[in-house]
1. What are the residues in segment 335-368 that are assigned to a strand (DSSP E or B) and either touching a Ser or Thr at 6+ places or on another chain (Cβ under 9 Å) or surrounded by fewer than 24 Cβ atoms within 10 Å (Cβ to Cβ) (or both), if any?
2. Would you mention how many residues in segment 37-83 are of a type outside the set (Asp, Glu), at pLDDT below 70 and outside any helix (DSSP H, G or I)?
3. Would you mention how many residues in segment 416-467 are under 30 Å from Asp152 (Cα atoms) and charged (D, E, K, R)?
4. Here is a list of conditions, (1) over 21 Å from the mean Cα position of the chain (by Cα); (2) within 15 Å of Glu196 (Cα to Cα), and Leu180 meets all of them except one; can you say which number that is?
5. When both residues are 6+ apart or on different chains and their Cβ atoms are under 8 Å apart, which pairs have a first residue that lies in segment 378-393 and is acidic (Asp, Glu), and a second that is not in a loop (DSSP other than H, G, I, E, B)?
6. Take segment 473-498 and flag every residue that is over 17 Å from Phe452 (Cα atoms) and of a type outside the set (S, T, N, Q).
7. Given the criteria closer than 13 Å to Trp505 by Cα and in the same structural domain as Ile498 (by TED's automatic domain parsing), does Pro436 qualify?
8. Which one is farthest from Gln489 (Cα to Cα), of the residues in segment 440-477 that are outside any helix (DSSP H, G or I) and at pLDDT 90 or above?
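The values are calculated or read from the model by the stated rules, or taken from the named source; none is laboratory data. Just so it is clear, the structure is predicted and the values come from calculations on it, not from any experiment. Every residue, glycine as well, gets a Cβ built from its backbone with ideal geometry; the counts of neighbours run over all protein chains shown.
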Amino acid sequence: MIRRRFFILTARNLYSISWQIITDPDLVALVRRAYSQGVVMDTWMHGEWQAEITREAQRRLEDMATGLASQVSDAQTTWPIYPLSTLYLAHLFQAVLTSMALFTVHRQSDTNQVTESYVEQALATLTQFASEESWGLHAVVRVFHVIWSFEDLNALRYFRRLPRAEFLSGVSHRPWVQELLADQLSLYLRMGVVKESLTGKGEMLRLTPRGHHVLAEIERVLEESGELAWRANQQRWDVFRTMDYDTVFNVVGPDSEQATRDFLDHLPIKPGMQVLEVGAGTGRVCVDLGLCERVLPGGQVVAVEPSAAMGAHLQDKCERRAISNVQIVKARAEDLPFADQQFDLTMAVAVLHFTDVDAAVKEMARVTKPGGRVAALVPPPNMEVREIPMVALWLRPLSELAEEFGLSFGERNGLPPGRLENAFHQASLQDVTRWPVPVTVTAEDYRAFFTFFVKGAAFFQHTLARLPYHERVHLLQNLEKRGEQIASQTQPAEKRHIYYGEAIWGRVPLP
C-alpha cells in the first residue's frame, strides 16, 4: 500500500515537473535560439535519413557524445525525480551532433557525406550555444525533449493507436533515434500522457486526455518559436540544392525567361553600373539572362545568396563561362553585409516572398545610392495552383490534410496584394511604380511540377511537417504516382494557367 502511494505521488510529481518545463515562459525563446544558431534536427529537410558518415567521423561522434553525456549526468536536473541514464544522454547527443553535421553539409555542399571536419563544426556550434545558456548543456536536452516529444505524441494522435513494438522501432515517426524510444515511452507512461492496453492485435499505445493536453502545449511552443515554420522552410533549400533548378524552373514556367528579360529591359541598367542582385540562386538572372553583360564594360554584379550549395553552382557557372564581373556573397536579404549607398541598382527576382519583406526591402534601399533604383519581380499574389484543373484534382489529398489541420492550403506562395508596394513605401522609396507580369505555370511535366512546387518551393511544407515521418514519405510517394496517373488522363489545356506576377521599382530619395 505504501509502495503504491509512493508511485502515484512520484508519477504526479513527474508530470508536474514536466508540465512546468514545457510551460516555462523562456522555453519559446530557447527553442528559437537553438534552431537559429544551427542546433537543429535535420531529418525534416529530406524524405529519408541519408547521412553517409565516414568511419573517422563516426568514432569522433561517439567520443564527443559520451563526453557530453557525462557532463550532463554529473548534475542531472532535466527531470530530477526521473534521472536520464548516461547511455540515453550519449544517444541523444550523438543524434543531435550527427544531425547538426548533416545540416552543415547541406548548407555547404550538394552531398550527404559527413566527415570529421563537419562533426567538429557541429561540436563547436553546440558548445558555443551551451556556453551562452544559463542551463548550459541541459538547454540542449530540454530543446530536443520538446521536439522529440512532439514527434512521438503527434504520431500517436495521428494514428490514434500504435502497436508498442512499432512505436519502439520508430519506423512510423523517427527511425533516426530509435535507441531513445524505450526510455521515452517509460517517461510518457509514468507521466500519464500515454496509455498502454492489451488488445487482440497485441499491446497498443494511445494518447490519454492528458497526453492531448501536453501535445497541444508543445505544439504551441513550436509554433510560437517559429520552429515548425523553420523546419518547413528548410525543405526548400534541401531540394533546391540537389535538383537542376534552372531546368525545372523553366519547365514549370515556360515563359519565365521572357518575363524576366522584359523586367530587365524596364530597368535603367547601363554599362559601368554597380548592381546588387539579392537571392541570386544559381545565377539564372545575373548569368543566364545576361545581367552581368548589361553592365559591361566596367560594371559589376554582386550576387547575394544565402545557400552555400546554390552559390557553389553559381561560382562554377561563372568559372566555366569565364565571367569575371560577378562577385558572390553568402548573406541574407534581411542583413546585407554592405555599406550604405553602395550600389546604383539593387534588385530581387522571385525571392522576396521567401523573406521578411519589410526588412529585406529596407536593406535593399539602404545599400542603394541616392537616386538609384530598388526593383523586384515577384510571383502572383497568393498564387493558387488549384486554378490549374489537373492540379486541383491531383493535390486533393493535400487540400484535405490542410483542412483537417486547420491550415491554409499553401504558404509562401506569393505576397498578399499590395504587400510589396507597402514595403517599398515603408522603406521611404519614391516614384514607386508597379506593373503586372503575365506568367504561365504548367504541370504538363508532372515530375518537374511536383519537384518544384510540392517538394521544393515549401508551399505545402507547413502541412507536411505535421505528419509523422513515415506518413510524410508515404504521402509524397503516393502523390507522385497519383500525378502520373492523372496527367495521362488530362488534356493539355487543363494542365496550365496564366497568372499575373508583379514587377515594381522605386527610387532612393536624393539628399
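1. Asp335, Phe343, Asp344, Leu345, Thr346, Ala348, Val349, Thr368
2. 14
3. Residues in segment 416-467 being under 30 Å from Asp152 (Cα atoms) and charged (D, E, K, R): 2 in total.
4. Checking Leu180 against (1) over 21 Å from the mean Cα position of the chain (by Cα); (2) within 15 Å of Glu196 (Cα to Cα), the one that fails is (2).
5. Close Cβ pairs (under 8 Å, with a partner that is not in a loop (DSSP other than H, G, I, E, B)) amount to Glu387/His497; Glu387/Tyr499.
6. The answer is His474, Ile486, Pro492, Ala493, Glu494, Ile498.
7. Considered against the rule, which asks whether it is closer than 13 Å to Trp505 by Cα and in the same structural domain as Ile498 (by TED's automatic domain parsing), Pro436 comes out as yes.
8. So the residue we want is Thr440.
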